[in-house]
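Below you'll find the structure, written out as C-alpha cells, and then a few comments.
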Amino acid sequence: MNEHVSLSVPADEPPARQNERTNSRKVFIKTYGCQMNVYDSGRMTDALAGDGYVATEEMGEADLILLNTCHIREKASDKVYSALGRLRDMKKARAAEGKELMIGVTGCVAQAEGEEILRRAPAVDVVIGPQTYHRLPEALKRARAGNRVVDTEYAVEDKFEHLPVTEKAKIRARGVTAFLTVQEGCDKFCTFCVVPYTRGSEVSRPVQQILDEARRLVDAGVREITLLGQNVNAWRSEGEKGEWSLGDLLYRLAEIPGLARLRYTTSHPRDMDDKLIEAHRDLRALMPYLHLPVQSGSDRILKAMNRRHTAAEYLRLVERIRTVRPDIAMSGDFIVGFPGETDQDFEDTLRIVEDVHYAQAFSFKYSTRPGTPGADLSDQVPEDVKAERLERLQALLLKQQADFAKSCVGKVIDLLLEKPGRMPGQVIGRSPWLQSVNVDAKTSQIGDIVKVRIIGTGPNSLFAEPAESLIGP
Ligand code: 5AD
Ligand code: SF4
C-alpha cells in the first residue's frame, strides 16, 4: 500500500511553469517533499529569471536541472541519489554534443549532506541550502567558471529581501491558489525529526513583508492563499500594537479585498493559541480545514517523541476548535513503529483516530534519521511490524476519509474553480475542506467561487453539479 494517504494534490506536484520566451536558457525544477519546497521552487524560478532563465516542464530541453529535495524520511533522500545517477548520463550525452547541462541540488538534502553530495555525485555543479537559494545565480556563475559550489550557510541576510518579487504574469500562470511562506524552521525537536537540523530554528517573516506579498498575489488574481511554515502557528512578529501571533495575522489578511480564502499549514498542537481558535470562529475566509498532526495516540510514545502534549490534551483542543467551527475537517500526520512502540501503544493510536474522525491524514512508518535522538534508541520496531501497523492504520484512515467524502454528497458548497478538468467542459475546483471537485463549467470561470451540489464521490475527488447558473459574472 502507498505510504501516503491523501485526497489532496500530491505535495511534490511542480508549480505551474511558463515558457513564454524561447531564446533564453531553460531551467527544470523537480520538487520533492512538502509545500514549502513547492513555494521555494517558485521563488528559485524568480531568482533565476534575472539571468535569463525561463522554467520548462520538459527535463530534456533544460540547460539547468535543479532537484529541490526532501530529507524527512530515508525514502525521500534515497530518491535524490538515484535521480542524480540518471542525470549524470544525461549530462554526459549533452557534453558529447558540445552542450551544457548544469545540475543543482537544493532543499533539505542539500542542507543536510552538503559536500557529501559533490563527493558522491560528480555531475552536480551546485549544492544550495533552503536559506541561500537567493544566491543561486551567483553560485551558477562560479560553477560555470569551474568551481563547484556548496552554499549551505544560514545566510545572515534575509533571503526574502534579496529575492526579486514574482512577476504578475508568473503569479497568474501559477494559478488562482498560492502558497506564501511566513515561517521557517522549528524549535520543537521532536525526537524523530530532522527539520530542526535541516531548516534551523524558528524564524518568522515580518508582517509588512507578508502583507505586501499577499497583496501582490491577490492583485495578480490569486483567490486563495495558504500560509506555510514548518511550524506555521508558531509564527510571531511585531504588529501594530505589540506582538502578533498567527491569529492576528489572519484577521489582517482577511481584510484584503479580493482574497476569498485563507489556509495555513503545518501546525503544532502546542501553538494553537486562543486568538487562532477565535479566527476559526470569526473569519469566513479562513477555511474549515485544519492539519494538526498528533503522530501517536499513546502518551508514552508522545513523551518519547518529545511532542510535549498528551492524547487527552490533543482531544480537548480538537473539541475546542470544533465548538467554534463545527464543520471543520481535521487532518493529521501519524508515525507508526516509533522505537519502543508496543501493540498497546499502537491500539492507542487507532483509538485517537476513532475519537477524532479525520477527513484526511498522512501516515508513515518510522524512518530512522541520522543525527536525531530517535536514531540512538535501542528498541527499534521490526519492519514487518511497522508494515502491518501501517496497513491497519491506513485502512482506518481511508475509511474515515471515504466516510467524510460520502457525508458531503447532497450538500451545496462553495467551490473555487481552479483549473481545467480532464474532460472538455469540466473544471476542477476546491471545496472548503480541500477536496478536489469536478464540475461542468467554463475555463473562463477559473478564479470564481460558485455554488455547486455534490452528487458523487470518486477515489480521489468528488463530483458536483451547478447549484446555480454558472454563466458567471
Ligand atoms: N519517520 C517517519 N515519519 C516522519 N515524519 C517526520 N519525521 C519522520 C520520520 N523520521 C512525518 C511526521 C511529520 C511529517 C511531515 O512527516 O508525521 O508530521
Ligand atoms: Fe519536525 Fe516536530 Fe518540528 Fe514538526 S514540530 S517540524 S515534526 S520537529
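Looking only at residues of segment 134-160 that are among the small types (Gly, Ala, Ser) and modelled with pLDDT under 90, we find that the one that is nearest to Cys108 (Cα to Cα) is Ala155. When restricted to residues that are closer than 17 Å to Pro130 by Cβ and either more than 13 Å from the chain's Cα centre (by Cα) or open to solvent by 10 Å² or more (accessible area, probe 1.4 Å) (or both), segment 223-233 contains 1. If I filter segment 149-164 down to residues being buried (at least 17 other Cβ atoms within 10 Å of the Cβ) and β-branched (Val, Ile, Thr), which single residue comes out as farthest from ligand 2 (Cβ to nearest atom)? Among them, the one singled out is Val149. Condition check: touching a residue at least 40 places away in the same chain (Cβ under 8 Å) and surrounded by fewer than 17 Cβ atoms within 10 Å (Cβ to Cβ). Does Lys399 satisfy that? Considered against the rule, which asks whether it is touching a residue at least 40 places away in the same chain (Cβ under 8 Å) and surrounded by fewer than 17 Cβ atoms within 10 Å (Cβ to Cβ), Lys399 comes out as no.
Residue-wise test of (1) touching a residue at least 40 places away in the same chain (Cβ under 8 Å); (2) acidic (Asp, Glu); (3) touching a Ser or Thr at 6+ places or on another chain (Cβ under 7 Å); (4) within 16 Å of ligand 2 (Cβ to nearest atom).
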| position | (1), (2), (3), (4) |
| --- | --- |
| Arg86 | no, no, no, no |
| Gly104 | yes, no, no, no |
| Cys108 | yes, no, yes, yes |
| Leu136 | yes, no, no, no |
| Asn147 | no, no, no, no |
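Whenever a residue of segment 210-238 is within 15 Å of Leu250 (Cβ to Cβ) and assigned by TED's automatic domain parsing to the domain that holds Gln183, its partners that are of a type in the set (S, T, N, Q) and in a helix (DSSP H, G or I), lying with C-beta atoms within less than 8 angstrom and at least six residues away or across chains, give the pairs Thr226/Gln35; Leu228/Gln35. Going residue by residue through segment 281-292, is there one that turns out to be open to solvent by less than 30 Å² (accessible area, probe 1.4 Å) and closer than 21 Å to Phe192 by Cβ? Yes, segment 281-292 contains at least one residue that is open to solvent by less than 30 Å² (accessible area, probe 1.4 Å) and closer than 21 Å to Phe192 by Cβ. Consider Glu278 carefully, then state whether it is part of a helix (DSSP H, G or I), under 22 Å from Ser407 (Cβ atoms) and either open to solvent by 10 Å² or more (accessible area, probe 1.4 Å) or touching a Pro at 6+ places or on another chain (Cβ under 7 Å) (or both). Here the answer is no, as Glu278 does not meet what is asked.
Report yes if some residue within segment 250-265 is at pLDDT 95 or above, within 13 Å of ligand 2 (Cβ to nearest atom) and more than 22 Å from Val165 (Cα to Cα); otherwise report no. Taking every residue of segment 250-265 in turn, at least one turns out to be at pLDDT 95 or above, within 13 Å of ligand 2 (Cβ to nearest atom) and more than 22 Å from Val165 (Cα to Cα). Looking only at residues that are open to solvent by 60 Å² or more (accessible area, probe 1.4 Å), assigned to a helix (DSSP H, G or I) and of a type outside the set (D, E, K, R) in segment 306-355, which one is nearest to ligand 2 (Cβ to nearest atom)? It comes out as Gln344. Among the residues of segment 153-192, the one identified as in contact with a Pro (Cβ under 7 Å, 6 or more places away or on another chain) and more than 27 Å from Arg307 (Cβ to Cβ) is Arg174. The number of residues in segment 207-238 that are closer than 24 Å to Thr106 by Cβ and part of a loop (DSSP other than H, G, I, E, B) comes to 4.
Of all residues in segment 170-179, one or more are open to solvent by 20 Å² or more (accessible area, probe 1.4 Å), within 16 Å of ligand 1 (Cβ to nearest atom), modelled with pLDDT of 95 or more and under 20 Å from the mean Cα position of the chain (by Cα).
The set of residues in segment 409-431 being buried (at least 18 other Cβ atoms within 10 Å of the Cβ) and within 19 Å of Met287 (Cα to Cα) consists of Ile413, Leu415, Leu416, Leu417, Glu418, Ile428, Gly429, Arg430, Ser431. Looking at segment 249-261, is at least one residue in the same structural domain as His357 (by TED's automatic domain parsing) and open to solvent by 60 Å² or more (accessible area, probe 1.4 Å)? Scanning segment 249-261 turns up at least one residue that is in the same structural domain as His357 (by TED's automatic domain parsing) and open to solvent by 60 Å² or more (accessible area, probe 1.4 Å).
Tell me whether segment 251-264 contains one or more residues that are out of contact with any Phe, Trp or Tyr (no Cβ under 9 Å at 6 or more places or on another chain) and under 27 Å from Ser296 (Cα atoms). Taking every residue of segment 251-264 in turn, none turns out to be out of contact with any Phe, Trp or Tyr (no Cβ under 9 Å at 6 or more places or on another chain) and under 27 Å from Ser296 (Cα atoms).
Of the residues making up segment 427-462, those that are closer than 18 Å to Ala178 by Cα, of a type in the set (Gly, Ala, Ser) and without any contact (Cβ under 8 Å) to a residue 60 or more places away in the chain number 2.
Here is a yes/no grid of residues against (1) in a helix (DSSP H, G or I); (2) surrounded by 15 or more Cβ atoms within 10 Å (Cβ to Cβ); (3) not β-branched (Val, Ile, Thr):
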| residue | (1), (2), (3) |
| --- | --- |
| Ala93 | yes, no, yes |
| Lys99 | no, no, yes |
| Ala112 | yes, yes, yes |
| Ala123 | no, yes, yes |
| Arg142 | yes, yes, yes |
| Thr166 | no, yes, no |
| Lys188 | no, yes, yes |
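What residue, of Ser378, Ser367, is out of contact with any Lys or Arg (no Cβ under 7 Å at 6 or more places or on another chain), over 24 Å from Ile449 (Cβ atoms) and assigned to a loop (DSSP other than H, G, I, E, B)? I'd like the intermediate steps shown before the answer.
Details: Ser367 fails: out of contact with any Lys or Arg (no Cβ under 7 Å at 6 or more places or on another chain).
Exactly one residue qualifies, and that residue is Ser378.
From the list Arg142, Arg199, the lone residue that is among the basic types (Lys, Arg), closer than 30 Å to Gln435 by Cβ and either within 16 Å of ligand 2 (Cβ to nearest atom) or touching a strand residue (DSSP E or B) at 6+ places or on another chain (Cβ under 6 Å) (or both) is Arg199.
The values are calculated or read from the model by the stated rules, or taken from the named source; none is laboratory data. Please read these numbers as outputs of a predicted model, since none were measured by experiment. When we count neighbours, we look across all protein chains shown, and the Cβ atoms used for this are built from the backbone with ideal geometry, even at glycine. Calculation scope for accessible area: heavy atoms of the full protein, side chains included, ligands and nucleic acids excluded. Shrake-Rupley method; radii C 1.70, N 1.55, O 1.52, S 1.80 Å.
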